[in-house]
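Asks: Take a look at the following structure, please.
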Amino acid sequence: MANFLYQNDLPEGLNLGPIVAIDCETMGLNPHRDRLCLIQMSGGDGDCHLVQVAQGQTHAPHLCAMLEDPNVLKLFHFGRFDIAALLNAFGAVTTPVYCTKIASKLVRTFTDRHGLKTLLQDMVGIDISKHQQQSDWGAETLTDAQLDYAASDVLYLHQLKEAFDVLLARENRTDLAQACFDFLPTRAKLDLAGWPETDIFAH
């Protein structure tokens, strides 16, 4: 397992495969206020590829080409936030997507615990550390501990997806999950446009 850190964009010609797990680190949880700092990605092979984003950067052509590639499934945990952050930073609409948090909420209705750490423990038997979660991702130089933490958020999502695919099929909710995944980019656009907490489907 290795971490590969790049500045500003993915290298030209890098192919991470047909399913790419993605997560973002930002300065906070408000995409209009808090800048995107780091994007970590894994093709499920145990390696993590990380792109450090410069302050004020608005272009990342190789990254955006992958985000918008219809033949590459982008795999997230709580994709709603990451898709919005990427859209706000680069103008790229990430699609198609799969979100393990949505999958969890559709099939793990016996619990309200849908965080990544809990899911990996319960479903894959892997324990990850969240110690670096609230560190300074805007720092010019990221520590090895930060990079390892960031990598842990994507290295096991492929295994988690496989487990959820089985449960979604068992509970006859695969089609419902897919419809939710397909809506996620629109949900992210609504967040950015000013409806982050409003249920527009309510009366």
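Asks: Return yes or no: is E25 of a type in the set (D, E), touching a strand residue (DSSP E or B) at 6+ places or on another chain (Cβ under 6 Å) and open to solvent by 10 Å² or more (accessible area, probe 1.4 Å)? Before you say what the answer is, go through the steps one by one.
Replies: Details: of a type in the set (D, E): yes; touching a strand residue (DSSP E or B) at 6+ places or on another chain (Cβ under 6 Å): yes; open to solvent by 10 Å² or more (accessible area, probe 1.4 Å): yes.
Yes; evaluated as a whole, the condition is true for this residue.
Asks: Being under 12 Å from the mean Cα position of the chain (by Cα) and more than 22 Å from Y156 (Cβ to Cβ) is true for just one of A21, A89, A54, A84. Which residue is that?
Replies: Result: A84 is the single residue among A21, A89, A54, A84 that is under 12 Å from the mean Cα position of the chain (by Cα) and more than 22 Å from Y156 (Cβ to Cβ).
Asks: So A65 fits all but one of (1) without any contact (Cβ under 8 Å) to a residue 60 or more places away in the chain; (2) small (G, A, S); (3) under 27 Å from M1 (Cβ atoms); (4) open to solvent by less than 30 Å² (accessible area, probe 1.4 Å); what number is the exception?
Replies: (4)
Asks: Give the residues of region 11-39 that are in contact (Cβ under 8 Å) with a residue 24 or more places away in the chain, closer than 25 Å to Q134 by Cα, in contact with a helix residue (DSSP H, G or I) (Cβ under 9 Å, 6 or more places away or on another chain) and not in a strand (DSSP E or B), sorted by residue number.
Replies: L29, P31, H32, R35, listed by residue number.
Asks: Applying the selection to region 30-64, what residues are touching an Asp or Glu at 6+ places or on another chain (Cβ under 7 Å) and over 16 Å from A150 (Cα atoms)?
Replies: Keep residues of region 30-64 that are touching an Asp or Glu at 6+ places or on another chain (Cβ under 7 Å), which gives 37-38, 40, 51, 60-63.
Across region 30-64, the qualifying residues are A60, P61, H62, L63.
Asks: With respect to the numbered conditions (1) within 26 Å of L36 (Cα to Cα); (2) at pLDDT 95 or above; (3) open to solvent by less than 20 Å² (accessible area, probe 1.4 Å), which one is the sole condition not fulfilled by T186?
Replies: (3)
Asks: Residues being open to solvent by 60 Å² or more (accessible area, probe 1.4 Å) and of a type in the set (G, A, S): count how many of those fall in region 1-15.
Replies: Of the residues in region 1-15, the ones open to solvent by 60 Å² or more (accessible area, probe 1.4 Å) are 1, 4-5, 7-8, 12-15.
Checking the rest, the ones that are also of a type in the set (G, A, S) come to 13.
Counting residues in region 1-15 that are open to solvent by 60 Å² or more (accessible area, probe 1.4 Å) and of a type in the set (G, A, S) gives 1.
The values are calculated or read from the model by the stated rules, or taken from the named source; none is laboratory data. Quantities reported herein were computed from a predicted structural model and do not represent experimental measurements. Neighbour counts are summed over all protein chains in view; Cβ atoms, including those assigned to glycine, are modelled from backbone coordinates with ideal geometry. Remember, those area values only see protein heavy atoms, side chains included, never the ligands or the DNA or RNA. Shrake-Rupley method; radii C 1.70, N 1.55, O 1.52, S 1.80 Å.
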